[in-house]
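Inspection log for the structure reproduced underneath, given as C-alpha coordinates.
The values are calculated or read from the model by the stated rules, or taken from the named source; none is laboratory data. Since this is a predicted model, take the numbers as computed values, not measurements. What goes into the accessible areas is simple: the full protein's heavy atoms, side chains included, and nothing from ligands, DNA or RNA. Shrake-Rupley method; radii C 1.70, N 1.55, O 1.52, S 1.80 Å.
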Amino acid sequence: MLVGEQPGDKEDLAGHPFVGPAGKLLNEALAEAGIARDEVYITNVVKHFKWARSPRGKSRIGKKPLTSEIKACRPGLRRNFTF
(Lines give C-alpha, C1' and ligand atoms only; values in the text may rest on other atoms or scores of the structure.)
Protein backbone atom coordinates (compact mmCIF):
# COMPACT_ATOMS: atom_id res chain seq x y z
CA MET A 1 0.00 0.00 0.00
CA LEU A 2 1.29 3.44 -0.94
CA VAL A 3 -0.41 6.54 0.43
CA GLY A 4 0.24 9.94 -1.12
CA GLU A 5 -0.55 13.24 0.49
CA GLN A 6 -3.20 14.55 -1.93
CA PRO A 7 -3.99 14.43 -5.64
CA GLY A 8 -2.09 16.72 -7.96
CA ASP A 9 -3.65 18.61 -10.85
CA LYS A 10 -3.42 15.66 -13.28
CA GLU A 11 -4.77 13.22 -10.67
CA ASP A 12 -7.65 15.53 -9.83
CA LEU A 13 -8.65 15.82 -13.48
CA ALA A 14 -8.25 12.07 -14.13
CA GLY A 15 -9.87 10.94 -10.88
CA HIS A 16 -7.05 8.47 -10.13
CA PRO A 17 -3.97 8.73 -7.90
CA PHE A 18 -0.44 9.03 -9.26
CA VAL A 19 -1.16 9.50 -12.96
CA GLY A 20 0.77 12.75 -13.42
CA PRO A 21 4.49 13.48 -13.08
CA ALA A 22 4.66 11.83 -9.64
CA GLY A 23 2.98 8.76 -11.11
CA LYS A 24 5.63 8.51 -13.81
CA LEU A 25 8.36 8.63 -11.17
CA LEU A 26 6.47 6.08 -9.05
CA ASN A 27 6.12 3.72 -12.04
CA GLU A 28 9.86 3.93 -12.67
CA ALA A 29 10.67 3.25 -9.01
CA LEU A 30 8.27 0.32 -8.84
CA ALA A 31 9.71 -1.17 -12.04
CA GLU A 32 13.25 -0.78 -10.72
CA ALA A 33 12.18 -2.57 -7.52
CA GLY A 34 10.54 -5.34 -9.53
CA ILE A 35 7.03 -4.52 -8.30
CA ALA A 36 4.09 -4.42 -10.70
CA ARG A 37 1.93 -1.33 -10.15
CA ASP A 38 -1.26 -3.42 -10.17
CA GLU A 39 0.08 -5.38 -7.18
CA VAL A 40 0.11 -2.24 -5.01
CA TYR A 41 -2.89 -0.39 -3.59
CA ILE A 42 -2.26 3.30 -4.31
CA THR A 43 -4.31 6.09 -2.78
CA ASN A 44 -4.08 9.55 -1.22
CA VAL A 45 -4.90 10.39 2.37
CA VAL A 46 -6.63 13.64 1.29
CA LYS A 47 -9.02 13.09 -1.59
CA HIS A 48 -9.52 16.69 -2.73
CA PHE A 49 -7.04 18.80 -4.67
CA LYS A 50 -6.28 21.95 -2.72
CA TRP A 51 -4.90 24.54 -5.10
CA ALA A 52 -4.28 28.16 -5.94
CA ARG A 53 -4.21 29.76 -9.36
CA SER A 54 -0.73 30.35 -10.73
CA PRO A 55 0.48 33.96 -10.91
CA ARG A 56 -0.32 34.06 -14.63
CA GLY A 57 -3.67 32.37 -14.02
CA LYS A 58 -3.08 29.56 -16.51
CA SER A 59 -2.60 26.59 -14.19
CA ARG A 60 -3.55 25.22 -10.80
CA ILE A 61 -0.72 24.97 -8.28
CA GLY A 62 -1.13 22.42 -5.48
CA LYS A 63 -1.16 23.68 -1.91
CA LYS A 64 -0.10 21.53 1.01
CA PRO A 65 -3.12 20.23 2.97
CA LEU A 66 -3.51 21.34 6.55
CA THR A 67 -2.92 18.86 9.36
CA SER A 68 -6.62 19.15 10.22
CA GLU A 69 -7.55 18.14 6.63
CA ILE A 70 -5.28 15.08 6.81
CA LYS A 71 -6.72 14.10 10.19
CA ALA A 72 -10.26 14.51 8.85
CA CYS A 73 -9.52 12.05 6.02
CA ARG A 74 -7.72 9.46 8.14
CA PRO A 75 -10.87 7.53 9.15
CA GLY A 76 -11.48 6.70 5.48
CA LEU A 77 -8.17 4.86 5.36
CA ARG A 78 -8.72 3.16 8.69
CA ARG A 79 -12.14 1.84 7.66
CA ASN A 80 -10.55 -0.19 4.88
CA PHE A 81 -7.15 -1.08 6.34
CA THR A 82 -5.67 -2.13 9.66
CA PHE A 83 -2.47 -0.33 10.61
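Dividing the radius of gyration of the alpha carbons in the range 21-83 by their Kirkwood radius gives 1.07 for Rg/Rh. Within the assembled protein chains, the solvent-accessible surface assigned to Arg60 is about 60 Å², based on a 1.4 Å probe. Amide H contacts of Asn44 (H built 1.01 Å from N, in plane; Pro and chain starts excluded): Gly4 sit under 5 Å, all sequence-distant by 5 or more or on other chains. Using C-alpha pairs below 8 Å separated by at least 6 residues, the relative contact order for the chain is 32 percent. Across His48, His16, the residue with the most accessible area heads the list, and the full order at a 1.4 Å probe is His16, His48. Computed with a 1.4 Å probe over protein heavy atoms only, the accessible surface of the chain comes to 73 Å² per residue. For the chain, give the percent of accessible area contributed by carbon and sulfur heavy atoms, probe 1.4 Å, rounded to a whole number. Roughly 55 percent, rounded to a whole number.
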